[in-house]
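Notes for the one structure printed next.
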Amino acid sequence: MGITLEDYRDVTPPGTVDFLRRLARSVEGKRMLHVNSTRYGGGVAEILHRLVPMFEELGVKARWEVMAGSDAFYRTTKGFHNALQGTIQHITADMYEAYLACNRENAQRLDLEADVVMIHDPQPAPLIDARKLGAKWIWRCHIDLSTPQRSVWQFLRPYVVRYDAAIVSLPKFAQRLPIPQFLIYPSIDPLSDKNRELSVEEIDRILHRLGVPRDKPILLQVSRFDRFKDPVGVVEAYRLVKKSHDCRLVLAGGTAVDDPEGAEVLAEVQTAVGTDPDVHLLLLPPTANLEINALQRAATIVFQKSTREGFGLTVAEALWKGKPVIGGQTGGITVQLIPGVTGFTVHSPEGAAFYTKRLLNEPDLMTAIGRQGREYARHRFLITRHLQDYLGMMIHLSQAA
Ligand code: UDP
């Protein structure tokens, strides 16, 4: 894509790029390795595609290795993922053994030689067995560990405690561990197709192609069709608003072909919507970054009415586009939405409708909240801040005994 650090000067707080360069001097020439389990798909891979070249530009010798596994391995780690996020799973002794065997194979196959090794998520956690003397190993957990299934966490914990540090994405994901734990929020890339500036013509063209007229205010939620994202609650909120304010509702989400529950939730939403021509259910492919960008920019108000959420990157994406956001009072939404300043948090469709109407009635408030949200996102949720945190952590660890 040819994007360089200099390109971030225009979108980040003044001094950010210079500060990154200064910080990086302390770790110049260090070899940093990231290991995760997928090159494409998912937020972790997306962020690594940008972060690794940024580290390189800063003089850190950054590499990224991807572990390989069989279907059985991924089924097991998917089970781990669900269990650690609080859905009870049955993991058999054979599954645990296959998981460890796969990690042993990867330890042989991968080049794990580096000064700082960042292991992302549970899949490669046992690679710690291959640590060489002097290297600093960090376990970077991106998932919601607030209510883990005990048995799975007890299995994983002995590996985690051998790391030099752990990183979680929200305070409530922290665990009782004898190693230092750091809190590092996820981030969005302001220069990616999903978040970069779009011209009015581009936005118009995309909305036209998606069949969404721009004749009245647009309320939007971008989310997988998942019950925790509460799309039906969004439809209920829209109906309450619609009694007094003419508007459209756009619910955009993935096609969910491989996710039976997704198809079920989508059917529930379709039933709730009925034949209302002002509600647009858009099934987007995973590559629809420009479409999501255009929808977020065309929206008047953005919802993320989740009843349970990890971090909620869609909130940061909308804040960055200067939109007032109304979100469920849960997970990372609560650190992004400061009530009355960057958005509003709610517990019900009625609450969402109340704040939607208030914003629609007060255009000045909407503008102010949008502006404040963008500045908040600029300081807290951009990839440059993420890079800064990682550099700070590298410096800290390289100075620790
Ligand atoms: N997203 C997407 N297509 C969809 C739905 C969501 O590309 O159909 C994107 C969305 O823009 C965001 C991410 O997927 O970048 C979802 O992250 P979030 O943290 O909001 O929720 P998660 O799906 O991880 O629970």
Distance between region 164-198 and region 51-71 - C-alpha centres, whole angstrom: 17
Using only Cα atoms, locate the centre of region 116-138 and the centre of region 325-401, then give the distance between them in Å, rounded to an integer. 32
Quick check on the exposure proxy: order Leu100, Leu127 from fewest to most C-beta atoms within 10 angstrom. Leu100, Leu127
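Can you tell me the order of 115-126, 14-25, 59-70 when each peptide is scored by its average per-residue count of other Cβ atoms within 10 angstrom, highest first?
Details: 115-126: 24.0, 14-25: 14.8, 59-70: 17.8.
Highest-to-lowest ranking by the protection proxy: 115-126, 59-70, 14-25.
Using packing as a proxy for protection, rank 358-364, 330-336, 76-82 so that the peptide with the highest average count of other Cβ atoms within 10 Å comes first. Let's see the in-between values first.
Working: 358-364: 13.4, 330-336: 22.0, 76-82: 19.4.
With the highest mean Cβ count within 10 Å placed first, the list reads 330-336, 76-82, 358-364.
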In degrees, nearest 10, range 0 to 90: what is the angle between the Cα axis of helix 150-160 and the longest Cα principal axis of the chain? 50
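With +1 on the Cβ of every Lys and Arg and -1 on the Cβ of every Asp and Glu, and nothing else charged, how large is the dipole of region 179-282 about its Cα centre, in debye rounded to the nearest 20?
On the way: 13 positive and 18 negative charges, 64 e Å.
Approximately 300 debye in magnitude.
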Which entries in the list Lys78/Lys132; Lys194/Lys321; Lys216/Lys242 go over 20 Å, if you measure between the two C-alpha atoms of each? Lys78/Lys132
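How would you order 205-214, 237-246, 28-37, 299-308 from highest to lowest mean count of nearby Cβ atoms within 10 Å?
Values: 205-214: 14.6, 237-246: 17.3, 28-37: 18.9, 299-308: 24.5.
Highest-to-lowest ranking by the protection proxy: 299-308, 28-37, 237-246, 205-214.
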Considering the options Gln270, Ile301, Ala318, tell which one lies farthest towards the positive end of the dipole of region 266-366, charges being +1 on Lys and Arg and -1 on Asp and Glu at the Cβ, about the Cα centre. Ala318
If I model a spin label at Val341 and Ser398 as a point 7 Å from the Cα along the Cα→Cβ vector, what separation in nanometres do I get? 3.4
Which one, Leu112, Tyr40, Leu58, is farthest towards the positive end of the dipole of region 9-135 when Lys and Arg carry +1 and Asp and Glu -1 on their Cβ? Leu58
Report, in debye and to the nearest 20, how large the dipole of the chain comes out about its Cα centre when Lys and Arg carry +1 and Asp and Glu carry -1 on their Cβ. 900
Just want the ordering: Met95, Met393, from fewest to most Cβ atoms lying within 10 Å of their own Cβ. Met95, Met393
Report the extension gain between Arg214 and Leu284 in nm, rounded to one decimal, defined as 0.36 nm multiplied by the number of residues separating them, less their alpha carbon distance. 23.3 nm
Order by neighbour count: Asp204, Asp278, fewest other Cβ atoms within 10 Å first, most last. Asp204, Asp278
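Computed from the coordinates by the stated procedures, all read-outs in this text should not be read as laboratory data. Because the structure is predicted, anything quoted here is derived from the model rather than measured. Positions of Cβ are generated from backbone atoms using ideal geometry, with glycine treated the same way; all protein chains shown enter the neighbour counts.
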